[in-house]
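Just below is one structure, and these are the notes that go with it.
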Amino acid sequence: MSKADIGTIEYVFAELQAIFPKWRELWPSEDALDAAKRSWSKTLVEQGINTSQLIEYGLKAARATGWARPPAAGQFCAWGW
């Protein structure tokens, strides 16, 4: 993963943590959070979420959900389209 990719996933997760107050229920430890970041990175690549515009579409949809917990990576990718 390139530094740009690492920066992107760090940005996405910082936003998810700000949006969803119960994010720690899914990612209770640094190890769990790191594993989720690796999985999400793979999912974003596999699903073609590869521009900042697509990331922002996903984050906009995330903010609109009213959910307390973050979505699965696949759901986030669906929102990016």
Looking at Ala68, Ala14 in this structure, which one is in a helix (DSSP H, G or I), modelled with pLDDT of 95 or more and loosely packed, with under 15 Cβ neighbours inside 10 Å? Ala14
Could you say which residue among Gly80, Gly7, Gly66 is free of Cβ contacts under 8 Å to residues at least 60 places away in the same chain and on the phi > 0 side of the Ramachandran plot? Gly66
Counting only residues that are charged (D, E, K, R) and under 11 Å from the mean Cα position of the chain (by Cα), which one in the range 17-41 is surrounded by the fewest Cβ atoms within 10 Å (Cβ to Cβ)? Arg38
What pairs can you find where one residue is in the range 10-30 and of a type outside the set (S, T, N, Q), the other is open to solvent by less than 50 Å² (accessible area, probe 1.4 Å) and outside any helix (DSSP H, G or I), and their Cβ atoms are less than 8 Å apart, with a gap of 6+ or different chains? Leu16/Pro70; Ile19/Pro70; Phe20/Ala68; Phe20/Pro70; Pro21/Ala68; Lys22/Ala68; Trp23/Pro70; Leu26/Pro70
Given (1) open to solvent by 90 Å² or more (accessible area, probe 1.4 Å); (2) modelled with pLDDT of 95 or more; (3) among the β-branched types (Val, Ile, Thr), where does Val45 come up short, assuming only one miss? (2)
In the range 6-37, which residues are charged (D, E, K, R) and closer than 23 Å to Thr51 by Cβ? Glu10, Glu15, Lys37
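The values are calculated or read from the model by the stated rules, or taken from the named source; none is laboratory data. Since the structure is predicted, the reported quantities are computational estimates derived from the model, not experimental observations. No Cβ is skipped: glycine too gets one built from the backbone with ideal geometry, and neighbour counts run over all protein chains shown. With ligands, DNA and RNA removed, areas are computed over all heavy atoms of the protein, side chains included. Shrake-Rupley method; radii C 1.70, N 1.55, O 1.52, S 1.80 Å.
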